[in-house]
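Accompanying notes for the structure given below.
The values are calculated or read from the model by the stated rules, or taken from the named source; none is laboratory data. Computed from a predicted structure; not experimentally measured. Here the Cβ positions follow ideal geometry from the backbone for every residue, glycine too, while neighbour counts run over all protein chains shown. Side chains included, ligands, DNA and RNA excluded: accessible areas come from the protein's heavy atoms. Shrake-Rupley method; radii C 1.70, N 1.55, O 1.52, S 1.80 Å.
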Amino acid sequence: MVRPLILEKTTHRLLIRPYFVHDYSNWCASYESCGKARNRFDEGNMDMSDFTHSWFDQMVKKHQLAMEHDNAYILGVFKKSDESHIGVLDISTLLRDGFQWGRIGYTILNPYWGNGYGQEAVKGVLNLAFSQLGFHRIEAHIHPDNVPSIQLATAVGMNYECVRKGFTLDNGKWTDHLIYYKNDT
């Protein structure tokens, strides 16, 4: 199945789309504007000195290749009102064929928390995953301590399914993850 190379989803307040090389300054500024990390899952303010324009250009090319090969769709989240970069979403292909199964990841930068942007962005990208990318099932793999992520998954209509024991390597230790899912039906 040939996948579109340019994806966009517009919601009430947001534009969700791939990154382009001209997004570099906006992308850097958004991460520099983050406050102190508010929990262990929040990166907070980052030193952006290692993230050069050349590095960003290569990242954009890698994202484009991942989309072309149907491996992953990494999308920036931008406010429509002023084009501020406020987060990132990704859909990774787990299995196609008779499954059409993917995984979602989501990050809204901490200056934008508490405004409903996470729910709006995740609902938008789920719609895009089902309607444009042909997925049937999308899962969120969530660390049991990540309460805000659990609340977001629930708020957008994802259903709790199970605990996958020893699912991911976290600081050198195999860690359980909660599985939330949504189908296109």
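Please verify whether residue 26 is modelled with pLDDT under 95 and under 19 Å from the mean Cα position of the chain (by Cα), treating the condition exactly as stated.
Here the answer is no, as residue 26 does not meet what is asked.
Just checking, how many residues over the range 84-103 are in contact with a Ser or Thr (Cβ under 7 Å, 6 or more places away or on another chain), in contact (Cβ under 8 Å) with a residue 40 or more places away in the chain and over 12 Å from residue 26 (Cβ atoms)?
Residues meeting the conditions: 0.
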Being surrounded by 15 or more Cβ atoms within 10 Å (Cβ to Cβ), more than 25 Å from residue 15 (Cβ to Cβ), in contact with a helix residue (DSSP H, G or I) (Cβ under 6 Å, 6 or more places away or on another chain) and at pLDDT 95 or above: is that true of residue 142 here? yes
Leading residue by the ranking (farthest from the chain's Cα centre (by Cα)) among those in the range 52-70 that are part of a helix (DSSP H, G or I) and acidic (Asp, Glu): 57
Checking the condition outside any helix (DSSP H, G or I), free of Cβ contacts under 8 Å to residues at least 12 places away in the same chain, hydroxyl-bearing (Ser, Thr, Tyr) and farther than 20 Å from residue 152 by Cα, which residue from 49, 81 passes? 49
Would you confirm whether any residue within the range 141-149 is within 13 Å of the chain's Cα centre (by Cα), of a type outside the set (Val, Ile, Thr), in a strand (DSSP E or B) and under 21 Å from residue 33 (Cα atoms)? no
Only one residue in 160, 117 is modelled with pLDDT of 95 or more, within 21 Å of residue 41 (Cα to Cα) and either within 15 Å of the chain's Cα centre (by Cα) or of a type in the set (D, E, K, R) (or both), so which one is that? 117
Do you know which of the residues in the range 120-137 that are under 22 Å from residue 167 (Cβ atoms) and either without any contact (Cβ under 8 Å) to a residue 12 or more places away in the chain or in a loop (DSSP other than H, G, I, E, B) (or both) is nearest to the chain's Cα centre (by Cα)? 135
Which listed residue is among the hydroxyl-bearing types (Ser, Thr, Tyr), surrounded by 18 or more Cβ atoms within 10 Å (Cβ to Cβ) and in contact (Cβ under 8 Å) with a residue 60 or more places away in the chain, from 117, 112, 106: 117
Out of the residues in the range 7-35 meeting the condition of being acidic (Asp, Glu) and within 16 Å of residue 51 (Cα to Cα), tell me which one is most open to solvent (accessible area, probe 1.4 Å). 32
